[in-house]
1. Please label the shape of the range 225-285 as rounded, prolate or oblate, based on the square roots a ≥ b ≥ c of the eigenvalues of the alpha-carbon gyration tensor (a/c under 1.5 means rounded; beyond that, a/b larger than b/c means prolate, else oblate).
2. Ordering T96, T256 by how much accessible area each has at a 1.4 Å probe, largest first, what is the list?
3. Determine which residues of the range 156-190 fall in the zone a paramagnetic label at E107 would reach in this model, i.e. backbone nitrogen under 13 Å from the point 7 Å along Cα→Cβ.
4. Give the Cα extents of the range 51-101 along the principal axes, in whole Å, largest first.
5. Would you kindly derive the ³J(HN,Hα) couplings of the range 32-42 from the backbone phi angles with the Karplus curve 6.51 cos²θ - 1.76 cosθ + 1.60 (θ = phi - 60°), listing them in order in whole Hz, with x for Gly and Pro?
6. Rounded if a/c is under 1.5, else prolate if a/b beats b/c, else oblate: with a ≥ b ≥ c from the C-alpha gyration tensor eigenvalues square-rooted, which is the chain?
7. Mean separation of Cα pairs under 8 Å and 6+ residues apart, divided by the residue count of the chain: what relative contact order is that in percent?
8. Relative contact order of the range 95-178: what whole-number percent is it, with Cα pairs under 8 angstrom and at least 6 residues apart?
Amino acid sequence: MIDVIIPVYRPTASFRKVLKRLDRQRVRPNRIILINTEERFWRPEFAAGLERVEVYHIAKEEFDHAATRRMAAELSKAEYMMFLTQDAVPADNRLTEQLLNVFQKKEVAAAFARQLPKSDCNPIERYTRSFNYPAASFIREQADIETLGIRAYFFSDVCAVYRKADYLQLGGFVERAIFNEDMLFAAKALEKGKKIAYVAAAKVYHSHNYGAVQYLKRNFDLGVSQAEHPEVFSKVSSEKEGIALVKKTARYLWNTKKGYYIPKLISNSGFKWLGYQLGKHYRWLSKRMIRKLTLNHTYWKD
């Protein structure tokens, strides 16, 4: 039995497509639990006719990437929990089935799906998707940390399933996180001897065409999350991985005759690096500056 949990923020009519595709899965969710931020933006027609959908409303100030999911996990009584973002569209009716299959391996604590680019995805983001979410599945274990570094922890709650028993045994998500609650759990699982799976046959459509400022803010929050959890991220370096991805993307753009995107790649990468560095050193910044740099203003409400 599997429950699906989706944090929701100001959904649009397109969200109904996500819910309908979940309802049509070959392995149908027992419950689809929605944690909706700001009740005034919810419309009953989003879930009309879908009996498995349950909606719980919270205030905007209450949302936290880790705490909100942790709260939602307490609502689920299923053996497996699938976390999904509201803009991740199941590619077919076998998403839940494909993810659950890997749990036949008893040592697997959690598994995540492949993210395919949407039709409007630009070439830079399209290549990034293929780099981070390849066509071949894999399973990570503790021994991979030494050879893969931060890549061993790579995990995404855009679409991921957790075995509830392992989730509870490992203490669940951290109680508070601005970002990276998924990688923090993956790191803990690996270090406790569990395994993390990537299932390429389980697919969702999910991509963004961010601008430079959006990348800066997103990577600021990423840097903050790493600075706040040195017990995980001080052991591995992420900058080397980032540089390697930029080089590979530039080569891809050149080889596919899309070299005119390289200046944009360089600009975006510079803003990513700046945001990341500012985030890692956020304790040196004023509260006013932090609020200008973050995507998650409510995280800094105290």
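The values are calculated or read from the model by the stated rules, or taken from the named source; none is laboratory data. None of the values given here were measured: they were computed from a predicted structure. Glycine also receives a Cβ, built like all others from the backbone with ideal geometry; neighbour counts cover every protein chain displayed. For the accessible areas, the whole protein counts, side chains as well, though only heavy atoms, and no ligand, DNA or RNA atoms are used. Shrake-Rupley method; radii C 1.70, N 1.55, O 1.52, S 1.80 Å.
1. On the way: a/c = 5.51, a/b = 2.08, b/c = 2.65.
Oblate, since a/c reaches 1.5 and b/c is not below a/b.
2. Numbers: T96 0, T256 55 Å².
Final ranking, largest accessible area leading: T256, T96.
3. Flagged as within label range: 190.
4. Largest first, the range 51-101 extends 35, 24, 24 Å along its Cα principal axes.
5. Karplus values, whole Hz, x for Gly and Pro: 10, 9, 9, 9, 9, 8, 6, 4, 5, 9, 7.
6. Working: a/c = 1.30, a/b = 1.25, b/c = 1.04.
It comes out rounded by the Cα gyration axes.
7. Working: 542 pairs, mean separation 61.4, N = 302.
Computed over the chain, the figure is 20 percent.
8. Working: 48 pairs, mean separation 31.6, N = 84.
Relative CO of the range 95-178 lands at 38 percent.
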